[in-house]
Amino acid sequence: QVQLVESGGGLVQAGGSLRLSCAASGVSGMLFSISAMRWYRQAPGKQRELVASISTSSITTYADSVKGRFTISRDNAKKTAYLQMNSLKPEDTAVYYCSNGGGKYWGQGTQVTVAS
């Protein structure tokens, strides 16, 4: 059974940084390496939005709202995807979720709260 588990969320002051991790289990390293990975977020009262994605060849894309501040990466040997978040703003406050590229598997989410 494939599971994705996010970690690394928390409370941070505006301008601070956090690094989120998304660890996959129940899947081989080879299968993980051929799956794109994505980070989404959902703020209270808002729709879930795609924040960043990374392809199997590590090509990355970002939402305009986070470009230049967030960096998505992956470590296939560890079967883990990361989201480095710098220069955080209060509007980044949300629950952050990771998913595989096809959207079949989702983590439980990790709360990120940015205080002004």
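Let me check I've understood the local charge: for G29, count other residues with C-beta under 14 angstrom from its C-beta, Lys and Arg +1, Asp and Glu -1. What total comes out?
Residues close to G29 contribute a combined charge of +2.
If we count every other residue with Cβ under 15 angstrom of R74's Cβ, Lys/Arg +1 and Asp/Glu -1, where does the sum land?
+2
When you have a sec, figure out the Kirkwood radius of the chain from all distinct Cα pair distances and drop it here in Å to one decimal?
When all Cα pairs of the chain are included, the Kirkwood radius is 14.0 Å.
Would you be so kind as to identify which of N100, P90, S116 lies farthest towards the positive end of the dipole of the chain, taking Lys and Arg as +1 and Asp and Glu as -1 on Cβ and the Cα centre as origin?
Looking along the dipole axis, the top candidate is N100.
Quick one: dipole size for the chain, taken about the Cα centre, charges +1 on Lys/Arg Cβ and -1 on Asp/Glu Cβ, in debye to the nearest 20.
120 debye
Restricted to Cα positions, what overall size does the stretch 27-89 have along the principal axes? Three whole-Å values, descending.
That works out to 36, 24, 16 Å along the principal axes.
Could you identify which residue out of L18, L31, L83 has the top mean-square fluctuation in a GNM of the chain using Cα springs shorter than 10 Å?
L31
Any chance you could tell me what percent of the C-alpha pair distances in the stretch 13-52 go past 16 Å?
59 percent
Report the one residue of V12, T56, A23 whose Cα lies farthest in the direction of the positive end of the charge dipole of the chain (charges on C-beta: Lys and Arg +1, Asp and Glu -1; origin at the Cα centre).
Toward the positive end, the furthest listed residue is T56.
Lysine pairs in the chain with alpha-carbon atoms under 26 Å apart, 8 or more places apart or on different chains: how many are there?
9
All of the numbers you see were taken from the coordinates with simple rules; none came from a lab. No experiment lies behind these values; they were computed from the predicted model shown. Cβ atoms come from the backbone with ideal geometry, glycine included; neighbour counts cover every protein chain shown.
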